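Notes for the one structure printed next.
The values are calculated or read from the model by the stated rules, or taken from the named source; none is laboratory data. Here the structure is a predicted model, which means the values were calculated and not measured. Cβ placement follows ideal geometry from the backbone for every residue including glycine, while neighbour counts extend to all protein chains displayed. Keep in mind that these areas ignore ligands, DNA and RNA; they rest on the heavy atoms of the full protein, side chains included. Shrake-Rupley method; radii C 1.70, N 1.55, O 1.52, S 1.80 Å.
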Amino acid sequence: MVLIAYLTYFERKVIGAIQLRKGPNVVGPFGLLQPLADGIKLLTKETIFPENSNKFIFALSPILTFALALLGWAVIPVDFKLVLADINVGIMYVFAISSLGVYGIIMAGWSSNSRYAFLGALRSAAQMISYEVSIGLIIISVLLTSKSLNLTEIVMAQKDYWYVIPHFPMFIIFFISTLAETNRAPFDLPEAESELVAGYNVEYSSMTFGLFFLGEYGNMILMSSMSTILFLGGWLPPFDYEFLSFIPGFVWFLTKVCILLFVFLWVRATLPRYRYDQLMSLGWKLFLPLSLVWIIITSSVLFYLGS
Amino acid sequence: MLFFFFVFSFIVIISSLSVVFSSNPVHSVLFLIFTFFNTAVIFLLFNAEFLAMTLIIVYVGAVAVLFLFVVMMLNINDSLMKEGFLKYFPFGLLLICIFFGELYMIFESNVFITPSDIRISISELVDGGMDNTKSIGLFLYTDYFIVFQISGFLLLLAMIGAIVLAHNEKINTRYNSPIDQKILNKKDVIKLN
């Protein structure tokens, strides 16, 4: 939770630095209390239910979004054996949870009974399904190399070399797909403010909006830790030297996640938004065939290496 | 364990009844999703975690989203839907009879249709300490390989059919190919000043 709150602070600072501004610097030292102030502001405001909206689903969808963003953490191993539930289909669990995330958005868009919100929700649904396909295929090619569905074992399989080395093109595609999956810039079409006002969360106010916001940032962190586990060797240090493994595993893990998150923000501050048809054609016509071909290459290489 | 099974199967029955009886089609789809979800939980109770996750990913994560998508976009009128009720009723009755007949045959005869020479026994694998993801894989790609491939081809065929039916050539619409936009030269563009 605190991590999510400070991610918003971090985002504003980074974007500020990139755009040669200062970012938040008034509340507390270096503006460090800014996220808390924002949280208090959101909590004390009034929750508005639009007329003609479907009240139950309207209230349910932000809760769902936020709950799903937190649920995925149950299986993420932060260090060796430092995991809440070490289930043996861990990666499928995370994938299932992230595929449920679309419901929060689509239900929000439908129940607020507004054109802008509805259009945003439809865009987001199509976008998330499209990119889920390529994410799934990329995960399969990683699984072929690690021979396990368990997240801990996937990390341990990267003891000699991280999967970012043999699977480098897939790492790039995975990262771009996670950008699209979490509805971040340059794929943040569901909330394109210039054309859809604010997309699916246009009718939401106070903490219901806050939950959407927290859910989005939670998903960002979840997805970054997924790419850390799949490609960057989780909690493992880059080289198996004594002084590097002296640093505890979760520090490595957090460092990698933070670097990935920085790239998320960097991309947001630098790239313009994609056009919708380009987004779709990128997903279906470029990423899907590429990741399919990569599965075939991976499995044939593994077959001929006899491992 | 048994208690949880009854709880979740009760929820499944209630929510699948609500799928049929709720007046708002969007609510129906949401109840359908809830049903899928609870079915996955029942799978989990039987230690079939791979099946549970696949059910959620495929049905809840992909199929039901598209359902919801379509249902939300259609402007469904209640009275129009009730009109066709009598016309479709015999057909529905026939389908119900077929499904219940199949269920009855399976539960009565206790014989599942299996290939004649099964070389791997699934209960042996699971009892031997294999996790069930691995056993499903071994089973599916050996004894049931042909059936598995045929069902894959059926799905491919259905997909191609759907694309052929839905695809129409864009004649009257304006379309900018992103590739054409990328390879545009600065010299070819008319300059206004």
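Things worth noting here:
- All helices (runs of 4 or more DSSP H) inside region B:1-91 with 2 or more residues being out of contact with any Asp or Glu (no Cβ under 7 Å at 6 or more places or on another chain) and at pLDDT 80 or above: B:2-21, B:25-45, B:49-55, B:64-73
- Residue within region A:175-188 that is under 23 Å from A:Ala96 (Cβ atoms), more than 13 Å from the chain's Cα centre (by Cα) and either modelled with pLDDT under 85 or not acidic (Asp, Glu) (or both) present: no
- Looking across region A:287-307, the residues that are under 25 Å from the mean Cα position of the chain (by Cα) and either surrounded by 14 or more Cβ atoms within 10 Å (Cβ to Cβ) or modelled with pLDDT under 85 (or both) come down to A:Phe287, A:Leu288, A:Leu290, A:Ser291, A:Leu292, A:Trp294, A:Ile295.
- Answer from A:Ile154, A:Ile165 - the residue that is open to solvent by less than 10 Å² (accessible area, probe 1.4 Å), modelled with pLDDT of 75 or more and under 19 Å from A:Trp294 (Cβ atoms): A:Ile154
- Residue ID - surrounded by the most Cβ atoms within 10 Å (Cβ to Cβ), chosen from residues in region B:133-184 that are within 14 Å of chain A (Cβ to nearest Cβ) and of a type in the set (D, E, K, R): B:Lys134
- Scanning region A:77-104 for residues that are among the hydrophobic types (A, V, I, L, M, F, W, C) and modelled with pLDDT of 80 or more, we see that the one that is surrounded by the most Cβ atoms within 10 Å (Cβ to Cβ) is A:Val102.
- Residue within region A:233-244 that is buried (at least 16 other Cβ atoms within 10 Å of the Cβ), within 25 Å of A:Thr65 (Cα to Cα) and either hydroxyl-bearing (Ser, Thr, Tyr) or at pLDDT 75 or above (or both) present: no
- If you filter region B:30-46 down to residues that are at the interface with another protein chain (Cβ under 10 Å from one of its Cβ atoms) and open to solvent by less than 70 Å² (accessible area, probe 1.4 Å), you find that the one that is farthest from A:Phe56 (Cα to Cα) is B:Ala40.
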